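Take a look at the structure set out below.
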């Protein structure tokens, strides 16, 4: 089913040509993508830790540092991308 209110709001962003609203939508989407990327990479690191190929104590600090790195990287990539 199509949510008419949501579709109308999204259409308004594109039809009004209001760049600030579109930039906020892109930034939110990029932040969600960065977080999803972090989850996948953290699960991959946890797999290496479960095989005892990486010390378990090394994983939490690496995961904590990589979250802001990934979100910033995706935001910069979204900023550079222009249609």
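Collect the residues in the range 47-83 that are more than 17 Å from residue 27 (Cβ to Cβ) and under 20 Å from the mean Cα position of the chain (by Cα), keeping them in residue-number order.
Of all residues in the range 47-83, those more than 17 Å from residue 27 (Cβ to Cβ) come to 47-66.
Selection gives 60, 61, 62, 63, 64, 65, 66.
Matching residues to (1) in a helix (DSSP H, G or I); (2) surrounded by 12 or more Cβ atoms within 10 Å (Cβ to Cβ); (3) touching a helix residue (DSSP H, G or I) at 6+ places or on another chain (Cβ under 6 Å):
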residue: 40; (1), (2), (3): yes, no, no
residue: 49; (1), (2), (3): yes, yes, yes
residue: 54; (1), (2), (3): no, yes, yes
residue: 57; (1), (2), (3): yes, no, no
residue: 69; (1), (2), (3): yes, no, no
residue: 75; (1), (2), (3): yes, yes, yes
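For the range 33-46, taking the residues that are within 30 Å of residue 23 (Cβ to Cβ) and without any contact (Cβ under 8 Å) to a residue 24 or more places away in the chain, the one that is nearest to the chain's Cα centre (by Cα) is identified as 36.
Values quoted throughout were computed directly from the atomic coordinates according to the rules given, and no laboratory measurement underlies them. Computed from a prediction, not measured in an experiment: that's the story for all the values here. Cβ: placed from backbone, ideal geometry, glycine included. Neighbour counts: every protein chain shown.
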